[in-house]
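Quick notes on the structure that follows.
The values are calculated or read from the model by the stated rules, or taken from the named source; none is laboratory data. Note that this is a predicted model, so its numbers are computed, not measured. Here the Cβ positions follow ideal geometry from the backbone for every residue, glycine too, while neighbour counts run over all protein chains shown.
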Amino acid sequence: MRCDGLFLAGLAHRLPETVDVDGAVEDGRYESGDRKADDYASVTVSAGEAPPEMAVVAARRALARAGLPRSGVAIVLHASAWFQGVDYWGAASYVHREVLGEDGRHAPAMDVQQMCAGALGALELAASYLAADASRGSALVTTADRFADPGFDRWRGDVRGIVYGDGAAAAVLARDGFARLLAVSTVADTGLEGMYRGDEPFAAVPGRRVDVRARRAAFSAHARHLAGSLPDRIASGLAEAVGRTLDEAGLEIGDISRFAFPNVGLHVLRTRYAEPFGLEVERTTWDWGRRTGHVGAADQLTGLTWLVETGQVGPGDRVMLVGIGAGFAWTCAVVEITARPAWDA
């Protein structure tokens, strides 16, 4: 989807205190070999804040940075990858109430379940929603997660090369702002849906501990019927999403100044993301991501916020945001910085 007349007006994140990864190695929670390959320095860990509470903090700050009225927000989209703190409940409505209140009476609040591509998927939906009606002024996108024991082992709950952090991010999409949204698009391959389901039976109630390694092993054992190997299909989806978004933006990969990929470990980042596109790790947000871990769907927005706040991108620079979510879906967006926001320091 090529975007015309849409901008990022505000960005913010809410990240809790960090925990040094070496302590997890000493305690036996994180394997030393994985520590060496991943090269994470720390991960963010929430001591008490629930995901929607963190999302509210980020949303209020993003909206304040945008300098836009709450009454102008036409839709609230909240993305998440895991448990938000209460079952049978809509977290987006909580964010809406806490941030917009009665000023948002005509703005729907919707939860987006695209796993770790959720924030960028929500951005695509927000762009479509604003493009459909010129009277809609702005959209608020939030995402938040907390990967806590006993339900989720942040160190070994997923495959090797990914350690999870907690936190939230928010973005305000509007008719004017500091970064033009050039294009955003999604590629889906639901033939890989079972990779994060495995052979687990459907349960009547929630509560089982997440074990992605076991689920992926079970899926792989029965995936011989699929066309193409699992690594090839994952790489193909990523390449198609990146290529399609660049085409829609009218750009080549060399036109992109920086890339915000998921905050996976360094070995995975280098071999699965950077090298296939001929990129040096220094063109990514790795220096940021190694300090937070993989914060669900928030990595791309927190990475972009970091680039802007630290002055590493400025007018004329283009940033590609790349998301991948179990399901499988790849969502990419390209933004062009058009001005230095007053809050960039």
Within the range 329-338, identify whether any single residue is among the hydroxyl-bearing types (Ser, Thr, Tyr), more than 15 Å from the chain's Cα centre (by Cα), modelled with pLDDT of 95 or more and under 25 Å from Lys36 (Cα atoms), and answer yes or no. no
By residue number, the members of the range 175-196 that are of a type in the set (Gly, Ala, Ser), over 30 Å from Ala339 (Cβ atoms) and in contact with a Leu (Cβ under 8 Å, 6 or more places away or on another chain) are Gly191
Original post:
Of the residues that make up the range 28-40, is at least one under 20 Å from the mean Cα position of the chain (by Cα), surrounded by fewer than 20 Cβ atoms within 10 Å (Cβ to Cβ) and more than 14 Å from Ala169 (Cα to Cα)?
Top reply: no
Query - Any hit, the range 274-293, residues being at pLDDT 95 or above, of a type in the set (S, T, N, Q) and within 14 Å of the chain's Cα centre (by Cα) - result: yes
Taking the criterion of being at pLDDT below 90, of a type in the set (Phe, Trp, Tyr) and surrounded by 15 or more Cβ atoms within 10 Å (Cβ to Cβ), would at least one residue in the range 194-214 satisfy it? yes
Check: Is it true that some residue in the range 11-23 is under 16 Å from Arg154 (Cβ atoms), more than 20 Å from the chain's Cα centre (by Cα), aliphatic (A, V, I, L, M) and buried (at least 20 other Cβ atoms within 10 Å of the Cβ)?
Finding: yes
Note: among Arg146, Arg136, just one is buried (at least 22 other Cβ atoms within 10 Å of the Cβ) and out of contact with any His (no Cβ under 8 Å at 6 or more places or on another chain), namely Arg146
Answer yes if at least one residue in the range 65-83 is surrounded by fewer than 22 Cβ atoms within 10 Å (Cβ to Cβ) and within 21 Å of Ala117 (Cα to Cα), and no otherwise.
-> yes
The residue from Arg154, Arg209, Arg197, Arg216 that alone is touching a strand residue (DSSP E or B) at 6+ places or on another chain (Cβ under 7 Å), of a type outside the set (S, T, N, Q) and over 30 Å from Val335 (Cα atoms) is Arg154
If we ask which residues in the range 257-275 are under 18 Å from Ala117 (Cβ atoms) and surrounded by fewer than 23 Cβ atoms within 10 Å (Cβ to Cβ), their number turns out to be 3
Restricted to the range 1-20 and to residues being modelled with pLDDT of 95 or more and touching a helix residue (DSSP H, G or I) at 6+ places or on another chain (Cβ under 6 Å), the residue farthest from Asp247 (Cα to Cα) is Arg14
Next on the checklist: Within the range 121-134, does at least one residue satisfy the condition of being of a type in the set (S, T, N, Q) and assigned to a loop (DSSP other than H, G, I, E, B)?
Outcome noted: no
Note: among Asp103, Asp111, Asp87, just one is more than 23 Å from Phe178 (Cβ to Cβ), of a type outside the set (Ser, Thr, Tyr) and out of contact with any helix residue (DSSP H, G or I) (no Cβ under 9 Å at 6 or more places or on another chain), namely Asp87
- Does Val313 satisfy the criteria of being at pLDDT 95 or above, farther than 24 Å from Lys36 by Cα and part of a loop (DSSP other than H, G, I, E, B)? yes
Within the range 245-273, the residues that are over 14 Å from Val184 (Cβ atoms), in a helix (DSSP H, G or I) and of a type in the set (Ser, Thr, Tyr) are Thr271, Tyr273
